[in-house]
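Structure, as structure tokens:
The values are calculated or read from the model by the stated rules, or taken from the named source; none is laboratory data. For clarity, every value in this text was computed on a predicted model and none was experimentally measured. All Cβ positions, even for glycine, are placed from backbone atoms using ideal geometry, and neighbour counts span all protein chains on display.
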Amino acid sequence: MAVTYAKDREIAAYRWGFRIFLVSQSVPFILIFADWYMFDGYYVSPVASKWLGSIEAFFGLLSGLIAWQALQAIRAGHLMAMIQGFRRAAVIGGAQLVLLAYQWGTRFIPPGTRYGEVYYTLSGVSGFYELIGIFVLVAISFRAARVQFTAHYHWDAEAAEYFWIFQMVAGFLSYLFLYWI
Amino acid sequence: MEQQITQAEARNNPQPKVMHMAPVLRGLVWATIGFAIFDLMTVAVDPFRGRPLVTEPSVVVGWVGALIGWLMGVGGYEGVILPLFGSPSTWVEPKNWRKYFGLSTNHKVIGLQYLVTSSSIFFIAGMDAMAIRYELMQPSMHFFTYTGQYLTAVGVHGSLMMFGVGTVVLISGLGNYFVPLMIGAKETVFSRLSGIGHWLLPAGALTLIASPLLGYWDTGWRGYEPLASQDPGGMVFYYLGIFAMTLSTIIASLNLAATIIFHRARGMTWARLPLFVWGILTVSLLNLIWQPEIEMTFVMALLDKLIPFHFFDALGSPLTYLSMFWLFGHPEVYIIVLPAFALWNEIIPVMAQKNLFARDWAIIGLIFVMMLSGLVWAHHIFTNMRNSEMFPFSFFSEMISIPTGFSFMAAIGTLWRARLRFTTPTLLVLMAIFNFVIGGLTGVYLADPPVNLQVHDTFFVIAHFHYTIIGGAIFTWVAAMYYWLPKLSGRMFNDTLGKWLALWIFIGFNGTFSQMFLLGLDGMNRWVPAYPPYLKPLNYSVSLFAFFLGAGFIANAIHIWWAWVKGPKSPENPWHARTLEWLTTSPPPDDNFDGEVEVVRGFYRYDHDEPSAYLVKNPEPAE
Ligand code: HEM
Ligand SMILES: [Cu+2]
């Protein structure tokens, strides 16, 4: 046999590439954060519901934690635990989105104001990343079962987890900027 | 620990998909269906007065549906979605010419797809330019009926050329084809993603071409606010089209950067990495930072139109948009020329058979240009700034010419006392260097506030950036096509004819754009289809040269095409180059090298006869 690429190197390439991709995807958030600062300064609208926002943020953190545990599970070779973990994380992420949709639906925050514009843009963009993240988590949970991820081979799960954590951090920062800072 | 991961990449499906329709056709059908579904769903939940079937918001959502349908249809469904859910991929890549018309994972196929798509865009946007020049032959409107038509023509021309040609040909096109070969790789890291990435380019270009359907837009390629927010619906397709094209560039850059870092052959150390590869690596990093920046800016501008929000319109801060655009915009211009700089220093040492002068400085120059390019953006908006704010931007803009000079220094140092072989690629590279000197120096003038405030938004600026982009980057593209033609096709062009054709575009180009400097100084404004009659003679002559130039590009394309299919067979390594792409057959086999590559020396020294690399052939399969 000619030399084949060692699996480790292949995975290292994927890993590096995916991280760079996430770094690149942080640019849009940095841009909106900068605009938030320019347009709103440190103003927090009194009509913004800190309660709802906090519950959403809590859901975000919780699902991030669950996804992280799922990754630990597959590292220890527990395939079913991983699959269930990803699906649970996706459901909680979905609940967070439903809450967001509710908040948007009530229009307590008027879209035509400076704060409102930034609010809808920032929460909309992080919601969009979350939607993609949910799609990826669900897809990978199916893939994991069909191709039988193992403790050695589970790069796809790792990637899904990276993405999920990325959107969680971005969403949490948005929460801090929108409701507290 | 060596483990096969094929188990997870189930590609050898026993029952390959029987395609009933060419993937591109299926893509079009699915795109139409996707558009209809998403569009109608949107008008159902968000109806508009009079219940039209297409509204501004619905066209945006519909476009997303069309894009998804298109990407699925060209092969994304079998190639990406099925494996993502763990089913084996049923996608088979054909072995014949059909492989160019669907999703591919082979970087050479992808590179050619990019080159062909991008050349088509170059042709369309070029015909657009001819229409613009035809209109400007007379001081009053005689060709276009409405000013909006003229301005849309200008906007489509600029956007297609910047995002579909300038940013694409040297990076996604030649980069995809040659970077893996030049580093001795057999494949790229994210091949499937990269294959999908190509299909975003025609989607984006078609979107821009379709933009007049939604109403003529007036802003040109910069999408300046607050004009954009009050412009007709065509703006929407400007944002969406560029969004798709930049996404394609991001994907190509990500793939190439990862490949350069992880798939180098044995012995290909950083100190030996070819210059073109360095060029692609630096611009890939620029792309990964700045293309997402402009995408988000466009999303915000789009929200301004749809909702409407007021980020950048007259109630908000148009200047913020200007800064956000040029934060990306200036790096973008370097994204276009850095690979060209690198190519000069790739081709000249080969043609001179002489050591590359100051190789390290050439690379340092590339890296410093990359870093400084983010610090100069405001030289594009001097007219909107206070005097006191201009200085730092003026300063850095002029300083950036120092690392730029390093590339020139390497090229000129190599040429110094060289016995240069005077071939078509040599000639074109020398022309590109000449043109870029003019483009770059006028850039330094423009970065001087007193000059800038006089000539901003005149044809002087048009001449400046066409000298850098056509004169520098496009000439280098043509040079590289001739240089690599024997590799791409195994055939040779006619050198005498090639030189005459080079001269043709050189005369056409300089005739067109040198006169634009004069036009600008005489007071000819950008973005106007009509002008004071005293400018007519110069404009008339510019247009004649422009038609001559356009015909010259077509003539070069025909020559290259002819040589590609019918030219005489070329020797294995006609230029006696040392880089790795010449170590394999022409055109290269599917997996690039029939064996393992080992690099033992740098590629730019010609003062010895030792090879730079060895190809350890695979053993012949036993009969
Ligand atoms: C030596 C380096 C350069 C300097 C100092 C420079 C400076 C400038 C300045 C000051 C302007 C603004 C003029 C105005 O609108 O009033 C300008 C415009 C422009 N430059 Fe350069 N430039 C340089 C190199 C380049 C290169 C390498 C490219 C492209 C490959 C380029 C492309 C452009 C474009 C596209 C515009 C006009 C954009 C627009 O207004 O639509 N420049 N340049
Ligand atoms: Cu600039």
*Would you mind stating whether B:ALA479 is away from every other protein chain (no Cβ under 14 Å), in contact with a Phe, Trp or Tyr (Cβ under 9 Å, 6 or more places away or on another chain) and within 16 Å of ligand 2 (Cβ to nearest atom)?*
no
*Give me the pairs: first residue in the range B:365-386 and under 20 Å from B:PRO403 (Cα atoms) and more than 14 Å from chain A (Cβ to nearest Cβ), second residue in a loop (DSSP other than H, G, I, E, B) and away from ligand 2 (no atom under 11 Å from the Cβ), beta-carbon distance under 9 Å, and six or more apart or on different chains, which are they?*
B:ALA378/B:MET385
*Just give me the residues in the range A:106-152 being in contact with a Gly (Cβ under 6 Å, 6 or more places away or on another chain), in contact (Cβ under 8 Å) with a residue 12 or more places away in the chain and over 24 Å from B:MET296 (Cβ atoms), in sequence order.*
A:ARG143, A:ALA151
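Would you check if B:THR468 is among the β-branched types (Val, Ile, Thr), surrounded by 20 or more Cβ atoms within 10 Å (Cβ to Cβ) and within 16 Å of ligand 1 (Cβ to nearest atom)? First the steps, then the outcome.
Working: among the β-branched types (Val, Ile, Thr): yes; surrounded by 20 or more Cβ atoms within 10 Å (Cβ to Cβ): yes; within 16 Å of ligand 1 (Cβ to nearest atom): yes.
Yes.
Any residue at all in the range B:407-418 that is more than 16 Å from ligand 2 (Cβ to nearest atom) and within 21 Å of the chain's Cα centre (by Cα)?
The first filter runs over the range B:407-418 and keeps only residues more than 16 Å from ligand 2 (Cβ to nearest atom), leaving B:407-418.
With the extra rule that they be within 21 Å of the chain's Cα centre (by Cα), the set shrinks to B:407.
For the range B:407-418, residues more than 16 Å from ligand 2 (Cβ to nearest atom) and within 21 Å of the chain's Cα centre (by Cα): present.
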*If B:ALA463 satisfies every condition in (1) more than 22 Å from B:PRO274 (Cβ to Cβ); (2) surrounded by fewer than 23 Cβ atoms within 10 Å (Cβ to Cβ); (3) within 16 Å of ligand 2 (Cβ to nearest atom) but one, which is the exception?*
(2)
*asked:* It is to be established whether one or more residues within the range B:52-72 are out of contact with any helix residue (DSSP H, G or I) (no Cβ under 7 Å at 6 or more places or on another chain) and either of a type outside the set (Ser, Thr, Tyr) or part of a loop (DSSP other than H, G, I, E, B) (or both).
replied: yes
*Look through B:VAL116, B:VAL165, B:VAL156 and report the one residue that is without any contact (Cβ under 8 Å) to a residue 24 or more places away in the chain and of a type outside the set (Lys, Arg).*
B:VAL116
*How many of the residues making up the range B:97-106 are under 22 Å from B:ALA244 (Cβ atoms) and in contact with a Gly (Cβ under 9 Å, 6 or more places away or on another chain)?*
4
*asked:* The conditions are (1) closer than 30 Å to B:VAL444 by Cβ; (2) touching a residue at least 40 places away in the same chain (Cβ under 8 Å); (3) not acidic (Asp, Glu), and B:ARG264 fails exactly one of them. Which is it?
replied: (1)
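Scan the helices (runs of 4 or more DSSP H) fully inside the range B:397-466 and keep the ones with 2 or more residues being among the hydroxyl-bearing types (Ser, Thr, Tyr) and over 30 Å from B:MET492 (Cα atoms).
On the way: elements: B:401-415, B:424-446, B:449-455, B:459-466.
Correct list: B:401-415, B:424-446.
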*Read through the list (1) away from chain A (no Cβ under 14 Å); (2) basic (Lys, Arg); (3) under 28 Å from B:ILE251 (Cα atoms), then give the number of the only condition that B:LYS354 fails.*
(3)
*asked:* Given (1) aromatic (Phe, Trp, Tyr); (2) within 16 Å of ligand 1 (Cβ to nearest atom); (3) surrounded by fewer than 19 Cβ atoms within 10 Å (Cβ to Cβ), identify the lone condition not met by B:PHE422.
replied: (2)
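Quick grid of which residues meet (1) buried (at least 19 other Cβ atoms within 10 Å of the Cβ); (2) more than 23 Å from B:ASP448 (Cβ to Cβ); (3) touching a residue at least 40 places away in the same chain (Cβ under 8 Å):
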{"residue": "B:GLU389", "(1), (2), (3)": "no, no, no"}
{"residue": "B:PRO392", "(1), (2), (3)": "no, no, no"}
{"residue": "B:SER397", "(1), (2), (3)": "yes, no, yes"}
{"residue": "B:ILE400", "(1), (2), (3)": "yes, no, no"}
{"residue": "B:GLY405", "(1), (2), (3)": "no, no, yes"}
*Kindly indicate which of A:TYR102, A:TYR129 is in contact with a helix residue (DSSP H, G or I) (Cβ under 7 Å, 6 or more places away or on another chain) and of a type outside the set (Gly, Ala, Ser).*
A:TYR129
*asked:* Could you list, ordered by first residue, the pairs with Cβ atoms under 7 Å in which the first is in the range B:319-345 and assigned by TED's automatic domain parsing to the domain that holds B:GLN291 and the second is aromatic (Phe, Trp, Tyr) and within 12 Å of ligand 1 (Cβ to nearest atom), at least 6 apart or interchain?
replied: B:LEU322/B:TYR224; B:SER323/B:TRP377; B:TRP326/B:TRP377; B:LEU327/B:TRP377; B:GLY329/B:TRP377; B:HIS330/B:TRP377
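Being away from ligand 1 (no atom under 15 Å from the Cβ), surrounded by fewer than 21 Cβ atoms within 10 Å (Cβ to Cβ) and farther than 23 Å from B:MET481 by Cβ is the requirement here; does B:ARG417 meet it? Outline the logic, then answer.
On the way: away from ligand 1 (no atom under 15 Å from the Cβ): yes; surrounded by fewer than 21 Cβ atoms within 10 Å (Cβ to Cβ): yes; farther than 23 Å from B:MET481 by Cβ: yes.
Considered against the rule, which asks whether it is away from ligand 1 (no atom under 15 Å from the Cβ), surrounded by fewer than 21 Cβ atoms within 10 Å (Cβ to Cβ) and farther than 23 Å from B:MET481 by Cβ, B:ARG417 comes out as yes.
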*asked:* Being at pLDDT below 50 and of a type in the set (A, V, I, L, M, F, W, C): is that true of B:ALA22 here?
replied: no
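Answer with yes or no whether B:ALA447 is buried (at least 22 other Cβ atoms within 10 Å of the Cβ), within 17 Å of B:GLU398 (Cβ to Cβ) and aliphatic (A, V, I, L, M). Even if it seems obvious, please write down each step before you answer.
Details: buried (at least 22 other Cβ atoms within 10 Å of the Cβ): yes; within 17 Å of B:GLU398 (Cβ to Cβ): yes; aliphatic (A, V, I, L, M): yes.
The answer is yes for B:ALA447.
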*Hey, B:THR320 outside any loop (DSSP other than H, G, I, E, B), at pLDDT 95 or above and either within 16 Å of ligand 2 (Cβ to nearest atom) or of a type in the set (Ser, Thr, Tyr) (or both) or not*: no
*Return the residue satisfying two criteria in turn: it lies in the range B:374-404 and is near ligand 1 (Cβ under 9 Å from one of its atoms) and of a type in the set (Gly, Ala, Ser), and of such residues it is farthest from B:LEU327 (Cα to Cα).*
B:SER401
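Would it be correct to say that B:ASN494 is surrounded by fewer than 24 Cβ atoms within 10 Å (Cβ to Cβ) and closer than 18 Å to B:THR383 by Cβ? Break it down stepwise before answering.
On the way: surrounded by fewer than 24 Cβ atoms within 10 Å (Cβ to Cβ): yes; closer than 18 Å to B:THR383 by Cβ: no.
Answer is no for this residue.
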_Six or more apart or on different chains, Cβ atoms under 7 Å: show the pairs whose first residue is in the range B:446-458 and within 14 Å of chain A (Cβ to nearest Cβ) and whose second is within 14 Å of ligand 2 (Cβ to nearest atom) and modelled with pLDDT of 95 or more._
none
*asked:* Condition first: farther than 14 Å from B:LEU488 by Cα and surrounded by fewer than 20 Cβ atoms within 10 Å (Cβ to Cβ). Now tell me which residues in the range B:107-118 satisfy that.
replied: none
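Each row is one residue, and each column tells you yes or no for (1) assigned to a helix (DSSP H, G or I); (2) hydrophobic (A, V, I, L, M, F, W, C).
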{"residue": "B:ALA258", "(1), (2)": "yes, yes"}
{"residue": "B:ARG264", "(1), (2)": "no, no"}
{"residue": "B:ILE280", "(1), (2)": "yes, yes"}
{"residue": "B:VAL283", "(1), (2)": "yes, yes"}
{"residue": "B:ASN287", "(1), (2)": "yes, no"}
{"residue": "B:GLU293", "(1), (2)": "yes, no"}
{"residue": "B:MET296", "(1), (2)": "yes, yes"}
{"residue": "B:LYS305", "(1), (2)": "yes, no"}
_Among the residues of the range B:344-395, what is the count of those that are in a helix (DSSP H, G or I), within 16 Å of ligand 2 (Cβ to nearest atom) and of a type in the set (Val, Ile, Thr)?_
2
*Check off (1) under 19 Å from A:VAL169 (Cβ atoms); (2) touching a helix residue (DSSP H, G or I) at 6+ places or on another chain (Cβ under 8 Å); (3) away from chain B (no Cβ under 14 Å); (4) surrounded by fewer than 18 Cβ atoms within 10 Å (Cβ to Cβ) for A:TYR43 and give me the number that stays unchecked.*
(1)
*Does B:PHE475 satisfy the criteria of being closer than 25 Å to B:PHE178 by Cα and under 19 Å from the mean Cα position of the chain (by Cα)?*
yes
